[in-house]
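Chemist: Below is the structure I would like to discuss, written out as structure tokens.
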Amino acid sequence: MQNSIAIRRKTLKLSQAEVAQLAAVTRQTINAIENDKYDPSLSLAFKLAQILNTSVDDLFDYRSEGNAK
């Protein structure tokens, strides 16, 4: 599942570590999500969207997995 976390994070001038601290996860978790190596839980996805001032729909592109018709 592709996402725009890195773009939005950089726009807000936040580091991975800062986002991780706000989301109560490790920096490595944020890095893995940004690099499409880990899909976050639903609760973490909502938390990240809130931190990055956007919606889950705008933050994550679930259609990239071929689920869209």
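Chemist: What nm value, rounded to one decimal, do you get for the distance between Glu18 and Asp58 when each label is placed 7 Å out toward the C-beta?
Modeler: Taking the two extended label points, one gets 1.9 nm.
Chemist: What relative contact order, as a whole-number percentage, does the chain give when Cα pairs under 8 Å and 6 or more residues apart are counted?
Modeler: Answer for the chain is 44 percent.
Chemist: A follow-up question, please. Starting from the amide H of Asn3, placed 1.01 Å from N in the peptide plane, find each other amide H under 5 Å away whose residue is 5 or more places distant or on another chain.
Modeler: Under 5 Å from the amide H of Asn3 lie the amide H atoms of Asp61, each far enough along the sequence or on another chain.
Chemist: So, one more: Hey, how much of the P(r) for the chain falls beyond 20 Å, as a percent of Cα pairs?
Modeler: 17 percent
Chemist: Here is a follow-up. For the chain, what number of Lys pairs, 8 or more residues apart or on separate chains, have alpha-carbon atoms under 22 Å from each other?
Modeler: Qualifying lysine pairs in the chain: 4.
Chemist: Tell me, what is the per residue accessible area of the chain in Å², probe radius 1.4 Å?
Modeler: Value for the chain: 67 Å² per residue.
Chemist: Ignoring ligands, DNA and RNA, what percent of the 1.4 Å accessible area of the chain is carbon and sulfur?
Modeler: 49 percent
Chemist: Less than 14 Å Cβ to Cβ from Ala23, Lys/Arg counted +1 and Asp/Glu -1: what total charge do the surrounding residues give?
Modeler: +2
The values are calculated or read from the model by the stated rules, or taken from the named source; none is laboratory data. This is a predicted model, so every value here is computed, not measured. In this analysis, Cβ positions are derived from the backbone assuming ideal geometry, glycine residues included, and neighbour counts consider all displayed protein chains. Please note that ligands, DNA and RNA were not included when accessible areas were found on the heavy atoms of the full protein model with its side chains. Shrake-Rupley method; radii C 1.70, N 1.55, O 1.52, S 1.80 Å.
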